[in-house]
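Participant: The structure's right below; bear with me while I get my questions together.
The values are calculated or read from the model by the stated rules, or taken from the named source; none is laboratory data. Just so it is clear, the structure is predicted and the values come from calculations on it, not from any experiment. Please note: Cβ atoms are built from the backbone with ideal geometry, for glycine as well, and neighbour counts cover all protein chains shown.
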Amino acid sequence: MKIQIANPIYDVVFKFLMEDSKVAKTLLSALIGQEIIELDFLPQEMSMRLGAKRKTKTQTAVDKFSLTIYRMDFSAKIRTPEGSQQIIIELQKARLYEDITRFRAYLGKQYQNQDFFVWLRDSKKKYKAGIPIFAIYFLGYELEALSKIPVVLVDNLVRDRFTKNILDKNEPFISSLFHEGMIVNVPALKGKRRDEVEKLLSIFDQSNRSKDFHILNVSEQDFPEAYQNIIRRLQAASQDAEMLEKMLVEDQVMTEFQQLEEALEQAEVKLNVERKAKEEAEIKLNTEQQAKEQAEAKAEQAEAKAEQAEAKAEQAEAKAEQTLQKLVSAVKMLSEQGLSIEKTAEMFGISEKEVRNMLST
C-alpha cells in the first residue's frame, strides 16, 4: 500500500525526524552498524528570520517562521558496546558554492569542542584523548566520481608501513586524530534496495517524489518492522500544515541563496577578468616605462660619448697648436741664424710658402 511521507531531504523535516530520540537511535544504529546504548543528540543549526521587505504571496509564512537557511548540522554523542563516539551529520540538498569549506570548518569545530574529550589512563599516566568522530553526509546532489554508489563508507585502515600488516585502529592517538565517515549519495539511491540499510535510506529516494517535491510516495511494506517508527514519524510530518508551510519557505530561501551564490560567482568572474585586465595594463605600462628608461639611458650614454669625443678633439687641437708654435719658433730661430727658406722647408718637410707664413707671424 502506498503512503505519503514528508521528504526528509528538507532540513525542517530531518530536524523533526531526529528530534524523536527513538527514531534517531534507529536511524543511526542502522547507518553505523552498532547498537546505540545512550544518545545525547543536539541539533546545531544556523537560522534566520526573513524580513518583510519583499512582498510575495507567501509573505505571511515567511514572516511567521524562523528556519534553517541552507544547513542543518547535528552532533550526537553516543555510547555503544565498543565505547563512546561522536556522530556529526550534515544534510545538504543542493550544491552550494562553499559546501566543502563549510563542512571542513564544521568538522574542525567538533575537534576543538572540549566536551568531546575523555580522560584515559595507560600503564604510566593519565592523559586526555578525543572521542572518535564519525561524519555522515547526506548529499542531495551528485558527486561525479561516486555517481552510481548510494552509500560510501570511509573507513580507517592502519598499517605497518614495512610489513603492510593491519594494526589496531582503536589506539586513542589514531581514533582521536583520524575520523571515519559515510556519504549518503541521495541521487544514487534510485531503485537501490539491496540490503536493509538501502531499504531504510529509500526514504530519501527523490524518484518517489510527487508533483509536490515536499511529499514522497512509498510502499509501507518495503520497510522492515524495525523501521516503522521512522515511517510513521515522516507520515505525521506530511500531514502537518505548519511543516509543509515551512518546507515551502525553505524552498524560497534555498532559491534565494542559490541566486545569491550565482550572482557572487558571476561577480567574482567579472572581478577576475577586471583584475587580469588591470594586471596586463600594469605589465604593459611597466614594459613601456622600462623601454622609455632604457632609451633615456642609451641617450645619456650617447651624450656622454659625444662629450668625451669633443673633449678628446679639444685636447688634440690644443696639442696640435702647441706643436705648431714650437715649429714656428724653430723656423724663426733657424732664419735668424741665416738658414735659407729653401733649406728650412726641406729640413721640416714643409713647403717654402709655409715657412714664409711662419716667418711673417
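Participant: Modelled with pLDDT under 85 and under 30 Å from Val12 (Cβ atoms): which single residue out of Leu248, Leu264 fits that description?
Facilitator: Of Leu248, Leu264, the one residue that is modelled with pLDDT under 85 and under 30 Å from Val12 (Cβ atoms) is Leu264.
Participant: Going by the conditions given, is Glu300 surrounded by 11 or more Cβ atoms within 10 Å (Cβ to Cβ) and under 60 Å from the mean Cα position of the chain (by Cα)?
Facilitator: Here the answer is no, as Glu300 does not meet what is asked.
Participant: How about the range 19-29: which of its residues are closer than 18 Å to Phe223 by Cα and either crowded, with 21+ Cβ neighbours inside 10 Å or not β-branched (Val, Ile, Thr) (or both)?
Facilitator: Within the range 19-29, Lys22, Ala24, Lys25, Leu27, Leu28, Ser29 qualify.
Participant: Tell me which residues, restricted to the range 158-194, are β-branched (Val, Ile, Thr) and under 23 Å from Pro224 (Cβ atoms).
Facilitator: Filtering the range 158-194 down to residues β-branched (Val, Ile, Thr) leaves 158, 163, 166, 174, 183-184, 186.
Residues satisfying the conditions are Val184, Val186.
Participant: Hey, any hits in the range 100-111 for a residue that's more than 30 Å from Lys190 (Cα to Cα), over 24 Å from the mean Cα position of the chain (by Cα) and not polar (S, T, N, Q)?
Facilitator: Looking through the range 100-111, none of the residues is more than 30 Å from Lys190 (Cα to Cα), over 24 Å from the mean Cα position of the chain (by Cα) and not polar (S, T, N, Q).
Participant: Looking at the range 30-45, is at least one residue under 27 Å from Glu250 (Cα atoms), modelled with pLDDT of 80 or more and buried (at least 17 other Cβ atoms within 10 Å of the Cβ)?
Facilitator: yes
Participant: Here's something else I'd like to know. Limited to the range 166-217, what total is found for residues that are free of Cβ contacts under 8 Å to residues at least 40 places away in the same chain, touching a helix residue (DSSP H, G or I) at 6+ places or on another chain (Cβ under 8 Å) and of a type in the set (Val, Ile, Thr)?
Facilitator: 0
Participant: Which of the residues spanning the range 135-153 are surrounded by 15 or more Cβ atoms within 10 Å (Cβ to Cβ) and within 24 Å of the chain's Cα centre (by Cα)?
Facilitator: Hits for the range 135-153 are Ala135, Ile136, Tyr137, Phe138, Leu139, Gly140, Leu143, Leu146, Val152.
Participant: Among the residues of the range 193-235 satisfying the criterion of being of a type in the set (Gly, Ala, Ser) and either surrounded by 15 or more Cβ atoms within 10 Å (Cβ to Cβ) or in a strand (DSSP E or B) (or both), which is nearest to the chain's Cα centre (by Cα)?
Facilitator: Looking at residues that are of a type in the set (Gly, Ala, Ser) and either surrounded by 15 or more Cβ atoms within 10 Å (Cβ to Cβ) or in a strand (DSSP E or B) (or both), I get Ser202.
Participant: What is the one condition in (1) at positive phi; (2) surrounded by 12 or more Cβ atoms within 10 Å (Cβ to Cβ) that Lys164 does not satisfy?
Facilitator: (2)
Participant: What number of residues in the range 339-361 are assigned to a loop (DSSP other than H, G, I, E, B) and at pLDDT 85 or above?
Facilitator: Selection size over the range 339-361: 5.
Participant: Is there any pair linking a residue in the range 122-149 that is touching a residue at least 12 places away in the same chain (Cβ under 8 Å) to one that is surrounded by fewer than 15 Cβ atoms within 10 Å (Cβ to Cβ) and in a helix (DSSP H, G or I), with Cβ under 8 Å and at least six apart or on different chains, and which?
Facilitator: Ala129/Phe173; Gly130/Tyr111; Gly130/Leu177; Ile133/Tyr111
Participant: Starting from the range 333-348, keep only residues that are small (Gly, Ala, Ser), then list their pairs with residues that are in a helix (DSSP H, G or I) whose Cβ atoms are within a distance under 6 Å, requiring at least 6 positions of separation or different chains.
Facilitator: Ser335/Leu359; Ala345/Glu352; Ala345/Val355
Participant: Moving on. Would you mind telling me which numbered condition in (1) surrounded by 14 or more Cβ atoms within 10 Å (Cβ to Cβ); (2) outside the structural domain of Lys22 (by TED's automatic domain parsing); (3) farther than 21 Å from Arg95 by Cα Glu293 fails?
Facilitator: With (1) surrounded by 14 or more Cβ atoms within 10 Å (Cβ to Cβ); (2) outside the structural domain of Lys22 (by TED's automatic domain parsing); (3) farther than 21 Å from Arg95 by Cα applied to Glu293, the lone miss is (1).
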